[in-house]
Structures are given as C-alpha cells and as structure tokens.
Amino acid sequence: MKKRGTLDIIQQRPIARNIFEITCSGDLVQEMQEPGQFLHVKIDQYDDLLLRRPISICDVNLDKNEMKMIYRAEGEGTTRLSGKKPEATLDILGPLGHGFPVEEAKPGESVLLVGGGIGVPPLYYLGKELLKKDVHVTTILGFQSKQDVFYEEEFAELGPVYVATVDGSYGTKGFVTDAIDEKHASFDVLYSCGPTPMLASLTERYREKRVFLSLEERMGCGIGACFACVCHVESDPEGTVYRKVCTDGPVFPVGEVVL
Amino acid sequence: MKKRGTLDIIQQRPIARNIFEITCSGDLVQEMQEPGQFLHVKIDQYDDLLLRRPISICDVNLDKNEMKMIYRAEGEGTTRLSGKKPEATLDILGPLGHGFPVEEAKPGESVLLVGGGIGVPPLYYLGKELLKKDVHVTTILGFQSKQDVFYEEEFAELGPVYVATVDGSYGTKGFVTDAIDEKHASFDVLYSCGPTPMLASLTERYREKRVFLSLEERMGCGIGACFACVCHVESDPEGTVYRKVCTDGPVFPVGEVVL
Amino acid sequence: MSRLQVKIPGLTMKNPIMPASGCFGFGKEYAEFYDLSELGAIAIKATTAEPRFGNATPRVAETKSGMLNAIGLQNPGLQAVIQNELPRLANYDVPILANVAGSEMEDYIEVAEAISKVENVHALELNISCPNVKKGGIAFGTIPEVAAELTREVKRVSSVPVYVKLSPNIADIVTMAKAVEAAGADGLSMINTLLGSRIDIRTRKPILANQYGGLSGPAIKPVAIRMIHQVSQAVEIPIIGMGGVQTIEDVIEFMLAGASAVAVGTANFVDPTICPTLIQKLPAMLDELGVDSVEELIGGSWRETCSIR
Amino acid sequence: MSRLQVKIPGLTMKNPIMPASGCFGFGKEYAEFYDLSELGAIAIKATTAEPRFGNATPRVAETKSGMLNAIGLQNPGLQAVIQNELPRLANYDVPILANVAGSEMEDYIEVAEAISKVENVHALELNISCPNVKKGGIAFGTIPEVAAELTREVKRVSSVPVYVKLSPNIADIVTMAKAVEAAGADGLSMINTLLGSRIDIRTRKPILANQYGGLSGPAIKPVAIRMIHQVSQAVEIPIIGMGGVQTIEDVIEFMLAGASAVAVGTANFVDPTICPTLIQKLPAMLDELGVDSVEELIGGSWRETCSIR
Ligand SMILES: Cc1cc2nc3c(=O)[nH]c(=O)nc-3n(C[C@H](O)[C@H](O)[C@H](O)COP(=O)(O)OP(=O)(O)OC[C@H]3O[C@@H](n4cnc5c(N)ncnc54)[C@H](O)[C@@H]3O)c2cc1C
Ligand SMILES: Cc1cc2nc3c(=O)[nH]c(=O)nc-3n(C[C@H](O)[C@H](O)[C@H](O)COP(=O)(O)OP(=O)(O)OC[C@H]3O[C@@H](n4cnc5c(N)ncnc54)[C@H](O)[C@@H]3O)c2cc1C
Ligand SMILES: Cc1cc2nc3c(=O)[nH]c(=O)nc-3n(C[C@H](O)[C@H](O)[C@H](O)COP(=O)(O)O)c2cc1C
Ligand SMILES: Cc1cc2nc3c(=O)[nH]c(=O)nc-3n(C[C@H](O)[C@H](O)[C@H](O)COP(=O)(O)O)c2cc1C
Ligand code: FES
Ligand code: FES
C-alpha cells in the first residue's frame, strides 16, 4: 500500500540564503526508513498551485516521530511553504521512490557523500544510517557561495567534511570534483545528489566504481502513473526502455540512466 | 481619490446558521461615513479565487477605528473568510458606491427599515445614524427560519423590531410584507435591502412613497469600469440608459431602476 | 437499478466516475491506494501500435490552477498492453475504455481492431486530439472530415462501441461533434487539453522540452462546460465529460451541462484517492439536490423535462 | 531612448504596459487612483457605431484563477466616445488604442474611419473576436478570409495604424495571423478571451444570463503564451500580448514569448493600481535579468540573436 497522510510542522528556520529547514512530526514518520526517498508535498489547499512538490527526506528520528526536510525557497510553492507557521499541517504523499542502497557499503569500508546545493539534504539521513553500520563517512559539499553553505557542522558529526564554493568565498574554489581532487578523497562507495552537470561529471570519473546518484525531474503524480519523470537508460539511449525517477529512482546506480 | 487599504481582523464570530460577524480595525474606517456603502474584499492572496467580494458595511465606530461586516458563508470565498483568525489582514477596496440617503428622513419622521436575510446588515449602521437625527426607527426583518435570525436585539436598541420567517418558526409566518401588514407598520421613509423579489414587492406597494432600495449584482471591478453590474432604468426599460450598481448604487430610489 | 448507475454504449457503470486517460496509467499504481472495482470505468493510457518513449523531459509544468503536459503518448505499445496490462485489469470488476492513438489512420485501425477484441475492453476512446504528437495526430482533431473518416474506419473494425475524444483547440466544436456522430461514433469524450506553453524567464526557454503542451486542471473547466453544454444539445450520443474535475460539485456541473459520465484527470495526481472519494460523496449530494438518480442530472441545465426545484 | 520605451506602429510607449480593452472603461475610474500619463498606452473599451446596452445580468462569474464575462460590448456609441470620452483622455500624455467593434463590416468601417481621425487616437484595435456578441462578431474572428477582408476595409479608411485582436477560439492561430498581416494589419493584439461557461448546480442554469462568456485571467495565460510564441515567429508585425498578466514575471514571460507590449486586463479589477505597480517594478527586473532595455526581451525565447546569460 502506498502511503498518504499528514505531518505537523513543529519548527521552521532559515539556515542559509533562501534555505529553510522544516521539522515535522506525525505517524507517517515511521514509514521513513530508507534514506534518499522523498515526500510529495501539497503546499496548501489552494488550487492555484495545483501540483505537489517533491522534497527529499533529510533526517528522521523514529523515536520522536520527527523528520526534517531542507528546501530552497525558489518558486511560488517553496516560498509559500517558507511562510508556514508551527501549527500548520502538510498533506503528504510518501515516502516515495527508491532511496540509496545503504547495504552497498560494508562495515569498515569508506564512503564518500557528494552533495551539491539543494541536493545535500538526503545525504544527511544516509550518512547517519551508514555510520550505524560502521562505515567511514567523508562528505564533500558544493555550493555557489559562502552564504549558501548549510549543514557543514551536522555532517562534521559523521566524519570529515570538505566544502567547495564556485566563487571561492568558502573552502575550495570550484566544484565538488575540485574538492575531491584537492583532498585526495578516496572511497569504496560514493553516493551523490545534486545538479545534473555534477552527476554527469561524477559519472565520467567513476563509471566503473560503486556509485549511486539521485536524480531530479519535474513530476506530476510522483507514483509512477503519469510518465512525467521518465528517463532513457544508457543501454538503450534512444529507445523505448525507460526508468521513472519517481518510482524506479530517484536513486540509480551510476551508468544506468542517461543524465 | 478612490480608497484602498487594509483592515485587521479583531474578532470573528458565528451569529446564526452560516452567518458570521467580523469586526475589523484600521485607518480606512474613517472613510466609512455613509451607511449603505460596501467594501470590495479580497479574501486572500491566492489566485484561485480571483475576484473581490462585495460586502456591506454593517456597523462603524469612528472613535475606536472599528467596523463590522456580517456575511453568509455560502460559496468558496465567504467560507474561506469565515476561517480567518484575528491576526489576519484583509485587502480592501472602498468604501464604494452610494449608500442610503440619511438626509431624506427629517427629525421627528418615522422610518421603516426592511431587511431580508443577508440584506439586513447595512440597515444597522443606517438605523444608528437615523437615530442620531431624532428619527423614529421601526425595523422589519425577514429570514427563512428561526436558525437564520440575527441582530434582532441590536435593532431593538433602535426601536421596535418585528421578525418574519418563511417557515413560521419565529415571529410572523411569511414575508416581510406580511409582518408589515400584521403590525400595521406605517412610515414616512422606507429603506430596504434584501433579495430582489422582496424589493420588487415593496416597489409594487410603495412606488409613490419615499422608498430607497439597495440592490445586489455580481461585480467585477466594483468601481464602475467593467460594466458587470449594470441595470436598466424604468424610464427606458429596453434602452441603452443604465445605472451601475457599484457606483450609481447600490442604493436607488424606488422606481429608478428595473429590478 | 442503483441510483448511481449509468449506462452508455458498451459501458454499464456502477457510478458515473472514471479516471481520465493518461492520468491513471494502466491502473497499477492506483490499485495500491484502493480497489479499482469501485470505479465506474477506467480509461487507460493511450495505446499506440508500437511502443513509444514520448517526448524529452521536462514533460510537465505547473500553471495557475492548471498544468501543462507533453508526455507524448509514452506507452509500451499494443502487444504489451494486451499481454501485460489488460489481463491485470481483468482482475477487477470494472469496464475498460481503451484509449487509442496513432500518427496515421492505419495505426489507429490496427490498434482499434486488436484491442477491441480483448474481453475486458468494453469500449474504445479514439484520441484524435492529443496536442503532444507532432506527426499527424492534431490534424485529425481539427478537421471534421478527417475525424469523420477516421471514425468510420475505426467503427468498421472495432468489436466494441467507439467514443471519439474531441480536442478543444477548435473554433466550432459542434460541427466536429456532429461530423463524428454522423460517421458512427457511439459517444464522445470531451475535452482533451488546450494547447499551451510557459516560458522560464531566467533560462528564456519554454519550460517543456517540447515547447508546447496540453493544459489541464481547473483552469480549463469553463471551456469544458461550455463545449459540453453546446454539443450535448446538438447530438444524440452520450458524452463522457472531463476537464478540471476536482469536487463533487464539479461532477454535478458536468452532468447538468450534458455529460452522462465524468472523467477525472489531473486531480488524481494531487489526490490519488479522488475517484473513490467523489463516488462516496455522490449519494449525499444527490440527496441535497433532491435528485433520485444521477441520470436525472444529465443535461439538466438545458433539458426542459428536467424537474427543477 | 529610455530603457523602458517601446515603439510599435502608431504607439510610442514610455513603457510596454497598457490596460487591456474592456477592463479599464475609458479610464475615468482609474484616474482616481493614479495619473494615467504613467501608462505606456491605454486600450479603451470597444466602441460601436450605436450605443449598446449589452447583455442581461449576471454578466460575470468567477472560475478557478479566472473569470467569465459576458458584458456584450456595452458602450455609449461612437458619437459619445468622440465627444465625451476621448477629449477627457486628451488631458493625459498617453497614446490611445481605440478598440473598434461591430456586428457588420459596415459598422466597423464607420467606427474606424471616424474614431481614427480623433487626435489622441494613435492606433485602432479591431475587435474581431469578442465571444459575447451574438450576431456576426465571432465569425470574423474564426475565418481567416473574413478577418482579412475586414482588415483590408478598415485599413483603407483608417487614419492610424490598425492592430487586429485575435480570438484564441480557433484551431490554427498562425494562419489567421498571417492572413490579417497579408491584408495590411500593422500589428496584432492577442489574446482575447476563451469561450466558457459555468453552471449553478442549485438553479441548474448557467450563471451568466448569456449562458456563455469570455474566460480571462491567469487561467488562460498558458494559451496566450503558446499562441504568441507561435505567431511571433510567423509574422513580421508586432504583437501586443495579453491574457492573465498579473506579475512582473508575467510581463517578462509575454515579451520573451514574442510580445512587444503587454496589456493587463482582469488584474485591474483585483488591483486597480496594477499597471503603475508593474511599470515601477520593471527596471529592477531588467537589472535582475541583466537586460539593458525591454526591447531586448522581445521574442527572447526563440530569437537566436538574443544574448542568453
Ligand atoms: C526527488 C526530488 C527530490 C527533491 N528534493 C528537494 C529537497 O530536498 N530540497 C529542495 O529544495 N528541493 C528538492 N527538490 C526540488 C524541488 O522539488 C523543487 O525545488 C520545487 O518543486 C520547486 O517548487 P516551487 O513551487 O518553489 O517552484 P515553481 O517553479 O513554482 O514550481 C512549479 C512546478 O515545477 C516543479 N519544479 C520546479 N522546479 C523543480 C525542480 N528543480 N525539480 C522538480 N520539480 C520542480 C514544481 O514541483 C512544480 O510542480 C527535489 C526534487 C525531486 C524531483
Ligand atoms: C453591494 C453588495 C453588498 C453585499 N453585502 C453583503 C453582505 O453584507 N453580506 C453578505 O453576506 N453578502 C453580501 N453581498 C453578497 C456577497 O457579495 C456574496 O454573497 C459573495 O460575493 C459570495 O461570495 P462567495 O465566494 O461565497 O461565493 P462564490 O459563489 O464562490 O462567488 C463567486 C463569485 O460570484 C460572486 N457572487 C456570488 N454570489 C453573489 C451575490 N449574491 N452577490 C454578488 N456577487 C456574488 C462573488 O462575488 C464572486 O465573484 C453583497 C453583494 C453586493 C453586490
Ligand atoms: C499527464 C497527462 C497525460 C494525458 N494523456 C492522455 C492520453 O494518453 N490520452 C488522452 O486521450 N488524453 C490524455 N490526457 C488528457 C486527459 O485525459 C483529460 O482529457 C484532460 O487532462 C482534461 O481533464 P483534467 O483537467 O481532469 O486533467 C492526459 C492528460 C494529462 C494531464
Ligand atoms: C470584463 C471584460 C470586458 C472586456 N471587454 C473587451 C472589449 O470590449 N474589447 C476587447 O477587445 N476585449 C475585451 N476584453 C478582453 C480583454 O481585453 C483581454 O483580451 C482578455 O481579458 C485577456 O486578458 P486578461 O486575462 O488580462 O483579462 C474584455 C475582458 C473582460 C474581462
Ligand atoms: S511523476 Fe508521474 S510517473 Fe513519475
Ligand atoms: S462592478 Fe465593474 S462596473 Fe460595476
């Protein structure tokens, strides 16, 4: 059975330029056991913003029945979301999709988490779950600029963290790949989420390794019915074989789908 | 200069079946000196309900900078309005239109206020203003049923009040005209607001007297620009002469416009 | 007969509510939310002769009270639909309306003939109006003679009644409706999406990779109501109405306009249980309106004989 | 030249924003809110040869993110407009686009000839597309040959450039646009309203006394953007774009789609100061987009030469 329910907003706070962290509670939290899954969020009951918004699960506390999401107030929906107060309730579809395969990293192995911008959030819950399994976690975070950096300290609790900013105002100047090179970061397994060009350059570098990438695509239903979020597979790049980001993904092994 | 501004909701309370009284404050209140005018209210900032809603001014306290409206939660807009909490702010255009001519009733004369259903509210502010002028005020209120009756006590402070209900569950059984007959209510000036059939039957009875009727019509702009709210005049019932309810009205002398 | 039941050619519906084609896939996903047997019928995703991948992404964009889609008729093709999708749907007690699409007349005929023979397919819905197919497609939906010819050809090979799904991107919907009626259509589905676009002001490009897409949702409801009101008075065949249905009031409005059944499209994406919810609300709404059966509502806005209270 | 200025035939506009015809009367009411000289231009309410009362009320109905209107071209008639309305507007430093309507070709010609001679009328807008006029009217807007003939006739008598206002209730907007361009139109206005309806489920009657009305507002914006995107690539003459404009982003979107100026209709009813507000926001928006002048935006979604950053 697919899940649907509500979450109550407990707290909402700005954590970087246009970036908000929202903490929610509700029974639905008990379903959120797989890092990398997302929620399909109805911003409010008004019809002018018709569709739901996909937002990744960033952190889960099963004991307290609480979870966190982090989002950028960009368009009209996320901007409205950022105005919501703690009493408000969110209509939620999810958790949806296939998340990061935690089991791919064996105890003792080292993992690299590579997050870009608003792709950072789902890696946090993943990192926490990996740590429980005695995996060594290193994190590389990429942002535009110093003002955009968030969750550096939170990731620091999981292991070493290196930040890159495009304008060089903080950490390594350049992209996440520049930080990886500068820090000589090595890994057994790499998990990543972020802008497509970033995922593409990781694919180019590490196609032969154990790498898992979380994709973004505009969605309609979020449950596999509308064919909005489809992508080609590398084995049939022009053909009719496809994957749906909402149900087959959002996480895919490197080289499975065409970016 | 036409007026536009905001009003802060101070209180909102149900006063009869689906009927709400909303109390607001704001500087705009100082403009509300003419009973029978209306406000063009934007329910909220969401685009799905695009248009403003015309709602009559029911009561004004210039000293306290407060005013009241009474409305029936019927369609989507008024239903949303009824959910608004005291901190909320309303975007207002107005006061608009031409209200009841208070000066038509001379000191010592007797006035009959005849209100039907959700047409009752504007008569209250009118009654209070008339009383200040030493006019004798009698009120006839018509409702569907006992559960729909509101403001009987408030009007009782102005003078005698008689209520009619269509189903006879309270007061005179029947229409306001039945109550007028039953109570042998006489008047020098009659002011009325309510459903068109009621206004039509008052017109039929009292065409030759000093009678002023407040009309309702669906509106676009509320300021005279869109020609949504136009009605024919009795002197040219099929012709091109017209009145706009929003600016020439909503109050017209009996016999001026075609109902 | 139950007060919710509606009978139209090929489809004996427990109630007048069905999901609209393309907004319900082949039902699998929604079966995880509720029992599909609750539905009046199911309009499955457009099926073409060969498998289609569809358009490049982004394929959807939101608009005020609406959405644009340019899926491009992605589907696994006739054989896969017959072998995998329809047998699974046969497990439910619900008639299937098979949406048929193609680029050429021959494609339509091939699909129609084969799919109409499948046992749980009770009617066809000829999609002559998908705005997202570049080749052919759209022309069928805008030229009455062409639409009529297609209807005639499909009727000749179909084993079940044929509904023609009309495009709203047309000046004179009545002439189109009459043309396909004269050509033998057993019913009409209306409306498909309006052709629209949105441009991203930062990238300066249309949001949809396909540039244009079909506008659906509450934004288009007034156009749907108007067209159904016009057409239902001009033809004798029944209409499956759709376009922005979200609430039980919308369902009633479509039926009063002249629809005999109502399809729900985009709203499934927002609320996956919208169809059973509407079905459940229908009896109380009939009570409130003082109506004994849904059939009394059909065309109530213009039918003289309708008891208006 | 100011970075906001736009020059199109007949109209030298301080900025690309004007109120749309029928949504601003003859300006008198809005002059109580701001100085009309701030506007790029003013499109006045449709003028017909004789005074018209218009349709019975209700004449408006709300729809999701939109509204229906069936005003029916109420106006005081050619003589009154020339004697009372236009002289008052001459007090402002703003060019007037006179919207011309009629039932017969002769009506249009009569109005066009007379009104185009008035000094502050800088261009005509031929309303061949009002969906609320029963006789004649609509046909002009749906048949390219008829629209072209009307355009030719009006061009012959007009003392100022002529914009033809196109109806979106049509299958092929490009053919229509090219037909009126070939017939001599100096520009296009698009889009007028989509024909729609709403039914009151309690009275069972259409809400509008006229049954059908024109759908405007944000709901129709995607249709407008699509049509302007198509037409602007197919014709050489400039387009005044409209349909659901509410925000400064909408203004940019219309210009990127291919509009040279942008008209604001329904939004005036919600916010009477919307036009000056948009004008005021424009410079900061240009800065944000890194654009020197509004003219750089025109057709930016398809023009190769446009510097995309
Ligand atoms: C699986 C997945 C996980 C995501 N997780 C996060 C997250 O944790 N934090 C975060 O800030 N963002 C996340 N996003 C992106 C997020 O969905 C968009 O930023 C958001 O939908 C924008 O909505 P809006 O109303 O602000 O923008 P608008 O432009 O008003 O949105 C209009 C429409 O476009 C869609 N849309 C616009 N941008 C995007 C986008 N980049 N991706 C998908 N749909 C888009 C919206 O969902 C909506 O349907 C995720 C996207 C996906 C697909
Ligand atoms: C001058 C004037 C004064 C009014 N004063 C009051 C008052 O004091 N209290 C009160 O309860 N009602 C009053 N009304 C009626 C009130 O405007 C409508 O009840 C209200 O607009 C309904 O809005 P809705 O969103 O609930 O209905 P919806 O049906 O969702 O409204 C849809 C659209 O139709 C319009 N509309 C619907 N019904 C009416 C109506 N009866 N009259 C005018 N427009 C309508 C709405 O304004 C909106 O544009 C007044 C109307 C006018 C013209
Ligand atoms: C994502 C999507 C895909 C669609 N695919 C099809 C299709 O394959 N065949 C078809 O006839 N209509 C298709 N439609 C149109 C719908 O069936 C329906 O006619 C239209 O969306 C209007 O209804 P709505 O406003 O309730 O969505 C599609 C609509 C959407 C939104
Ligand atoms: C109440 C109303 C009256 C209108 N009257 C006219 C008119 O007289 N002539 C005309 O060409 N267009 C008329 N229109 C159409 C508008 O000019 C405009 O083309 C359309 O409303 C789309 O823009 P919008 O969505 O910004 O309103 C009218 C629109 C409305 C809402
Ligand atoms: S969003 Fe509908 S199939 Fe993925
Ligand atoms: S409501 Fe626009 S003229 Fe009266």
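Once phi is turned into ³J(HN,Hα) by the Karplus curve 6.51 cos²θ - 1.76 cosθ + 1.60 with θ = phi - 60°, what whole-Hz value does each residue of segment B:164-180 show in order, with x for glycine and proline?
Result, rounded to whole Hz: 10, 10, 4, 8, x, 6, 7, x, 5, 7, x, 9, 4, 5, 5, 5, 4.
Can you list residues whose amide H is under 5 Å from C:Ile199's amide H, if they're 5+ apart or on another chain and H is modeled 1.01 Å from N?
Hits under the 5 Å cutoff: C:Ile207.
Assuming a ≥ b ≥ c are the square roots of the Cα gyration tensor eigenvalues, decide whether segment C:1-95 counts as rounded (a/c under 1.5), prolate (otherwise, with a/b larger than b/c) or oblate.
It is oblate, given that a/c is not under 1.5 and a/b is not larger than b/c.
Have a look at the DSSP beta bridges in chain D and tell me what percent are antiparallel, nearest 5.
For chain D, the DSSP antiparallel bridge percentage is about 40.
What is chain D by shape, rounded, prolate or oblate, if you read a ≥ b ≥ c off the alpha carbon gyration tensor as root eigenvalues and call it rounded for a/c under 1.5, prolate for a/b larger than b/c, and oblate otherwise?
rounded
Taking neighbour Cβ counts within 10 Å as the exposure measure, how do A:Arg243, D:Arg202 sort from fewest upward?
The order, fewest Cβ neighbours first, is D:Arg202, A:Arg243.
What's the exposure ranking of A:Cys231, A:Cys24, B:Cys221, going from fewest to most Cβ atoms within 10 Å?
In increasing order of surrounding Cβ atoms, one gets A:Cys231, A:Cys24, B:Cys221.
Within chain B, what's the longest run with no GluC sites (Glu not before Pro) in a DSSP loop and at most 12 other beta-carbon atoms within 10 Å? Give the range, please.
The answer is B:1-73.
Could you check which residue among B:Lys84, B:Lys132, B:Lys146 shows the biggest mean-square fluctuation in a GNM of chain B with a 10 Å Cα cutoff?
B:Lys132
Grab the Cα-Cα distance for B:Glu208 and B:Gln33, subtract it from 0.36 nm times how many residues apart they are, and report the gain in nm with one decimal.
Result: 60.1 nm gained on full extension.
Tell me the GluC sites (Glu not before Pro) within segment C:186-266 that lie in a loop according to DSSP and have at most 11 other beta-carbon atoms within 10 Å.
Filter output for segment C:186-266: C:Glu236.
Take every Cα pair under 8 Å in chain D that's 6+ residues apart, average their separations, divide by the length, and report that relative contact order as a whole percent.
19 percent
Can you find, among A:His98, A:Tyr151, A:Leu112, the residue sitting farthest towards the positive end of the charge dipole of segment A:88-174, where Lys and Arg contribute +1 and Asp and Glu -1 at Cβ?
Going by the Cα projections, it comes out as A:Leu112.
Would you mind ranking D:Asp200, B:Asp236 so that the residue whose beta carbon has the fewest other beta carbons within 10 Å leads the list?
With the sparsest Cβ surroundings first, the list reads B:Asp236, D:Asp200.
Counting only other chains, and only Cβ atoms inside 10 Å, what mean value do you get across the residues of D:260-272?
Across D:260-272, the average partner-chain Cβ count within 10 Å equals 4.
Given contacts defined as C-alpha pairs under 8 Å and at least six residues apart, what's the relative contact order of segment B:182-259, whole-number percent?
In percent, rounded to a whole number, it is 30.
Just flag the GluC sites (Glu not before Pro) in segment D:112-213 sitting in loop per DSSP whose Cβ has no more than 14 other Cβ atoms within 10 Å.
Taking segment D:112-213 and a limit of 14 other Cβ atoms within 10 Å, the loop GluC sites (Glu not before Pro) found are D:Glu119.
May I ask you to derive the FRET efficiency for A:Thr240 and D:Glu104 from their Cβ-Cβ distance with R0 = 45 Å, giving the value to the nearest 0.05?
FRET efficiency, A:Thr240 to D:Glu104: 0.20.
Quick check: pseudo-label points 7 Å beyond the Cα along Cα→Cβ at D:Val146 and C:Glu304, how many nm apart are they?
Placing both labels 7 Å along Cα→Cβ, they lie 2.9 nm apart.
Return the percentage of antiparallel bridges among DSSP beta bridges fully within chain A, rounded to the nearest 5 %.
60 percent
Once the Cβ-Cβ distance between C:Val174 and A:Lys146 is put in as r, and R0 is 56 Å, what FRET efficiency do you end up with, to the nearest 0.05?
The pair C:Val174/A:Lys146 has a calculated efficiency of 0.30.
Taking amide H atoms as placed 1.01 Å from N in the peptide plane, list the residues 5 or more away in sequence, or in a different chain, whose amide H sits under 5 Å from that of A:Glu66.
Counting only residues 5 or more places away or on other chains, the set is A:Asn61.
Which percent, to the nearest 5, of DSSP beta bridges fully inside segment A:53-194 are antiparallel?
Close to 15 percent.
Using the Cα centre of the protein assembly as shown as the reference point, and only Cβ charges (+1 on K/R, -1 on D/E), how large is the resulting charge dipole? Debye, rounded to the nearest 20.
The dipole magnitude comes to about 400 debye.
Calculate one ³J(HN,Hα) per residue across segment A:106-123 by plugging θ = phi - 60° into the Karplus curve 6.51 cos²θ - 1.76 cosθ + 1.60, and present them in order as whole Hz with x for glycine and proline.
Each residue's phi maps through the Karplus curve to give 8, x, x, 6, 10, 10, 10, 9, 10, x, x, x, 6, x, 5, x, x, 5 Hz.
By the gyration tensor of its Cα atoms, with a ≥ b ≥ c the square roots of the eigenvalues, what is the shape of segment D:152-309: rounded for a/c under 1.5, prolate for a/b over b/c, or oblate?
Oblate.
In whole Hz and in residue order, list the ³J(HN,Hα) couplings for segment B:88-98 that follow from phi through the Karplus curve 6.51 cos²θ - 1.76 cosθ + 1.60, θ = phi - 60°; x for Gly and Pro.
For segment B:88-98, the Karplus curve yields 5, 10, 10, 8, 10, 10, x, x, 10, x, 9 Hz.
Using helices alone, what [θ] at 222 nm do you get for chain C, with -39,500 (n - 2.57) per DSSP H run of 4 or more residues, divided over all residues and rounded to the nearest 500?
Here the helix-only value at 222 nm equals -8000 deg cm²/dmol.
Which residues among segment D:188-231 fall inside the zone where the amide N is under 14 Å from a point 7 Å beyond the Cα of B:Thr196, along Cα→Cβ?
Answer for this model: D:203, D:205-211.
To the nearest whole number, what is the average tally of beta carbon atoms from other chains within 10 Å of the beta carbons of peptide C:225-232?
Across C:225-232, the average partner-chain Cβ count within 10 Å equals 5.
With a point put 7 Å past each Cα toward its Cβ, work out how far D:Lys7 is from C:Gln233 in nm, to one decimal.
5.1 nm
With a cut-off of at most 12 other beta carbons within 10 Å, and DSSP calling the residue loop, which chymotrypsin sites (Phe, Trp or Tyr not before Pro) in segment A:129-238 qualify? Please list them.
Hits after loop and neighbour filter: nothing returned.
Based only on the alpha carbon positions, what is the Kirkwood hydrodynamic radius of the protein assembly as shown, in angstrom?
31.8 Å
Considering only C:Gln211, C:Gln83, C:Gln246, give the residue with the highest GNM mean-square fluctuation for chain C, with springs between Cα atoms whenever their separation is below 10 Å.
C:Gln83
Determine, from the Cβ-Cβ distance of B:Asn18 and B:Val166 and an R0 of 25 Å, the FRET efficiency 1/(1 + (r/R0)^6), rounded to the nearest 0.05.
0.95
What average number of partner chain Cβ atoms lie no more than 10 Å from the Cβ of the residues making up C:161-168?
So the per-residue partner count for this stretch is 1.
Given Cα pairs under 8 Å that are at least 6 residues apart, what percent is the relative contact order of chain A?
Relative contact order of chain A: 17 percent.
The numbers here are math on the coordinates, done by the rules we state, and not lab data. All figures in this text were calculated on a predicted structure; none of them were measured in a lab. FYI the Cβ positions are ideal-geometry reconstructions off the backbone, even for glycines, and counts take in every protein chain you see.
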